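The values are calculated or read from the model by the stated rules, or taken from the named source; none is laboratory data. None of the values given here were measured: they were computed from a predicted structure. Neighbour counts run over all protein chains shown; Cβ positions are idealised from the backbone, glycine included. Surface areas here come from the heavy atoms of the whole protein model, side chains and all, with no ligands, DNA or RNA. Shrake-Rupley method; radii C 1.70, N 1.55, O 1.52, S 1.80 Å.
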Amino acid sequence: MSKPRNYSNRFRLYYLLTLVALCCYDSYISVYLEQYLHMSGFQIGCFISVSMVAGLVIMPLYGAIGDKTGKYRQILMLCTAGTILFSFLLSMQTGFALLIVMGIGFELNRCSILAMADTQTICYCTNSGSPYGSIRCFGSIGWIVGSALCAFLVRKFGLNHVFFRFFMAAMACSLINILFLPRQTIKSAPDSEQPENKEAKSGDIASLLKNGRFLFIILFALMTGGLAEVVTAYASLHMVSTLGAAEYLVSIYSIIGAGPEILFLLLLNKFLLPHLGFRRLFLCSAAAMSIRMLLFAVVPNVPLFFAASCLTFLTTACTTGLNVQYIRQVVPERSIGSAASIYNAVFMGGRALFSLIFGGVYEASGSRTVFWLCFAFAAVAFLMALFVRKIDIVSGGKEHTA
């Protein structure tokens, strides 16, 4: 087996293990807080949003350090180890104040895990020619595997006994795998392959914040992928508290949403992106989010809720597989770590704000109102993708789609 193939498999294993863990946490944290710690909707929103805001300060710093030193793998190891430590401390808390403190420590470490991993993977794919989508799709497989395992374990032992133990075990396996990932440096692409726009000439953070295409993808991601991640918590609460579903069915919801994402990511680089381009795929992402939120707001039972969940993959696949590749096209390669960190920091900040707002809305008006608000944001994202001209990557009169 060739060396690039061996390294590709190591990256695939990393995403598999990491998303197994994150699936458990993201899918069940709100249910755990409400059902076992008896928190209100506003308290849940505060916990999620305050811990996320803390990560905003340090995430761009991680990216800048990575760009300066090239030590993406070491930063990834440090963040993963910190995540395991603070998840253990978080599991011991029952009071709201200490829960917030430990949640901040947890998110300070967790916030940069996927940003650093995506940066390192993009470096590897650039240097080796391996397709990014075929590696990143193993995150979706991990999400499905994690959902299935969580469903089995929660049904057999109960959420309170499984939640943090499962998360820490999966993250520990991911940490061991990081030791075997290659060290990566970015090969600069030839000038002919770089996007011919003035916004991509300078590599500092100030120039990134003046880059129209970079700002577009940040705003678009907030109103699609950011909403999709936040709404996962309220979809879980909606199923259990409003529709009366059993707790283990939360995992079935996750599997339904993630299953088709695997095929989408496998086809992304070889077929979908070359034939459809970025704009059409962005439109599909926003349209799927809009329709799903509309259906979530009106369906009366669990089977129909599951049917609406089938649209989840379009939004999440574009967020994980398409947005990072778009960023790579529109920013200087020497600043890819800073760009990924800024993107994830703003993404997390938007998620924090949405979580805080939706926590109050959930407590005051219920989960269906949350879904209506998400529908409105997703509709705005669709209009952005439809009318904003800055989306296209043009060089020599042709749009770059990969």
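Please work out the FRET efficiency for the pair LEU263 and LEU78, using the Cβ-Cβ distance as r and a Förster radius of 45 Å; give the result to the nearest 0.05. After rounding, the FRET efficiency stands at 0.85.
How high is the FRET efficiency between LEU215 and TRP372 when r is their beta carbon distance and R₀ equals 25 Å, given to the nearest 0.05? FRET efficiency, LEU215 to TRP372: 0.40.
A crude spin-label estimate for the pair ILE100 and SER40, with each label 7 Å from Cα along the Cβ direction, gives 1.4 nm. Measure nothing but the geometry: give the 0 to 90° angle between the long axis through the Cα atoms of 367-387 and the longest principal axis through the Cα atoms of the chain, rounded to 10°. Orientation of helix 367-387: about 10 degrees from the principal axis.
Relative to one another, the C-alpha centroids of region 300-342 and region 40-88 are positioned 19 Å apart. Could you tell me the distance between the Cα centroids of region 272-286 and region 128-181, to the nearest Å? First find each Cα centre; the distance between them is then 28 Å.
Using a cutoff of 8 angstrom between alpha carbon atoms and counting only pairs six or more residues apart, the relative contact order for region 213-324 works out to 41 percent. For region 323-335, putting each phi into the Karplus relation 6.51 cos²θ - 1.76 cosθ + 1.60 with θ = phi - 60° gives couplings of 4, 5, 5, 5, 4, 4, 6, 10, 10, x, 5, 6, 10 Hz, in residue order, rounded to whole numbers and with x for Gly and Pro. Summarising the label geometry, the points placed 7 Å from Cα in the beta-carbon direction at ALA246 and LEU179 lie 4.0 nm from one another. A 1.4 Å probe run over the protein chains yields, for the chain, 39 Å² of accessible area per residue, whole-number rounding.
Springs join every pair of Cα atoms under 10 Å in this Gaussian network model of the chain, and among SER241, SER112, SER365 the largest mean-square fluctuation is at SER365.
Ranking of LYS156, LYS270 by solvent-accessible surface, largest first: LYS270, LYS156 (1.4 Å probe, protein heavy atoms only, all chains present). Segment LEU85..SER365, full-extension length gain: 97.2 nm, with 0.36 nm per residue of separation and the alpha-carbon distance subtracted. Given Cα pairs under 8 Å that are at least 6 residues apart, what percent is the relative contact order of region 61-179? So the answer I get is 33 percent. Between ALA206 and VAL57, full extension at 0.36 nm per residue minus the direct alpha carbon distance yields a gain of 52.0 nm. For region 2-79, trypsin sites (Lys or Arg not before Pro) meeting the loop criterion (DSSP other than H, G, I, E, B) and having at most 16 other Cβ atoms within 10 Å: LYS71. For GLN74, the shell of other residues with beta-carbons less than 13 Å away shows a net charge of +4, using +1 for Lys and Arg and -1 for Asp and Glu.
Taken over the C-alpha atoms, region 30-93 has Rg and Dmax values of 15.3, 45 angstrom. Using a Debye calculation, one point per C-alpha and no hydration shell, please list log10 I(q)/I(0) for region 3-119 at q = 0.17, 0.18 Å⁻¹ in order. Rounded to two decimals, the profile gives -0.88, -0.96.
Spherically averaged projected area of the convex hull of Cα atoms, region 292-371: 6.2 nm².
Per-residue packing, averaged as other Cβ atoms within 10 Å, sorts the ranges 87-100, 15-28 into the order 15-28, 87-100, beginning with the highest. Computed over the Cα atoms of region 62-184, pair by distinct pair, the Kirkwood hydrodynamic radius stands at 16.0 angstrom. Taking only the Cα atoms of the chain, the radius of gyration and Dmax are 20.0, 61 Å.
With all protein chains present, how much of the accessible area of the chain (probe radius 1.4 Å) comes from carbon and sulfur, to the nearest whole percent? Whole-percent figure for carbon plus sulfur exposure: 67.
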